[in-house]
Amino acid sequence: MGLVILGVSRAPFEGVPLLWLIGVAVGGLVVVAWLERAMPFNLGWRLPDLDFAADVVHAVVNLLVMHAAVVGFVLLRSSAGWEGLWWPSDWPFIAQVFLAGLPLDLSLYVVHRLSHRYGFLWRMHSIHHSSRRLYWLNGERRHPLHAALMAGPGLVLLGVLGTPAEVVGGWFAILAVHLAFQHANIDYRAGPLRHLLGVAELHRWHHRERFEDAQVNFGEFWLVWDHLFGTFYQPSSPLGRVGIEGDPIPHGYAEQLRYPFRGHSDTQKH
């Protein structure tokens, strides 16, 4: 992640910052995928399953949507003629990126928690939880509508403030690689940083099979929200199975997109 953050910090010095940021994100994802082969946490999770093809499509679609959101962010603000209330443009670029990450990360946390409480939101979010293994592609295994709802409030606030597009793009590049690390099948430890960052060794417990056991460690990047709102969990027992009890989610991409809109009220509170 350090190299990704360093790469993001170089964006203002490149000819086309947004293209540079996309390259940084793709390069980081390739490294995460390679590390899974070199130092797996669970050998069983290395085997492709019925969801693999859908996971690939989820990753491609959501990464494209993520960067399209940045472009849309610029066009919308430009068409409205809005310069913004305040933004510290004189700060170092990487400091601006992490500042932008705070409201975006809080937005992700709040909508994430709500998605574990309310039926339709859960049906969209349950696609993310339904995988029976955790690996780097799980970070982007999300219904695109749900991904938009999670980031939406934070993006609106940044638009009001007048955050530059390349700053938002910088955070999305960091977040994309972080989410891959967060869900990766890599045997690594973050030491004291695990109390601050949403790393795999803690986030895996958020994916436990029993719904009641998964109401912890909601933070996408920062875990400060979990500490503040009482959802932080330091595991002291074996992880056990991941996924959703009963395996109710279809395995095809198109079926997963339709799943939340079907007339049912299952998948959650079993």
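Remarks
- Backbone N within the range 220-252 under 20 Å of label point (7 Å from V110 Cα along the Cβ vector): 220-232
- Peptides 133-139, 155-161, 120-126 ordered by packing proxy, namely the average of other Cβ atoms within 10 Å per residue, highest first: 133-139, 120-126, 155-161.
- Derived value for the range 104-165: Kirkwood hydrodynamic radius 12.5 Å. Basis is the mean of 1/r over every pair of different alpha-carbon atoms.
- A straight chain from F120 to Y188 at 0.36 nm per residue would run longer than the Cα-Cα distance by 21.0 nm.
- Debye log10 I(q)/I(0) for the chain, one point scatterer per Cα, at q = 0.08, 0.09, 0.10, 0.13 Å⁻¹: -0.31, -0.40, -0.49, -0.85
- Compactness of the range 114-227 is given as radius of gyration and Dmax, 14.6, 42 Å, from Cα positions.
- For the range 1-141, the equivalent ellipsoid built from the Cα gyration tensor has semi-axes of 30, 22, 14 Å, listed from largest to smallest.
- Exposed loop sites here mean GluC sites (Glu not before Pro) with a DSSP loop assignment and at most 16 other beta-carbon atoms within 10 Å; the chain contains its longest site-free run at 84-244.
- The slack in the chain from D90 to D49, taken as 0.36 nm per residue of separation less the alpha-carbon distance, amounts to 9.9 nm.
- Applying the Kirkwood pairwise sum to the alpha-carbon positions of the range 171-222 produces a hydrodynamic radius of 11.4 angstrom.
- The chain - percent of accessible surface contributed by carbon and sulfur, probe 1.4 Å: 69 percent
- Extension gain, E255 back to L145 (0.36 nm per residue minus Cα-Cα distance, nm): 38.2 nm
The values are calculated or read from the model by the stated rules, or taken from the named source; none is laboratory data. Note that the structure is predicted; figures quoted are calculated from it, not measured. Ideal geometry is used to build each Cβ from the backbone, glycine not excepted, and the neighbour counts take in all protein chains shown. Surface areas here come from the heavy atoms of the whole protein model, side chains and all, with no ligands, DNA or RNA. Shrake-Rupley method; radii C 1.70, N 1.55, O 1.52, S 1.80 Å.
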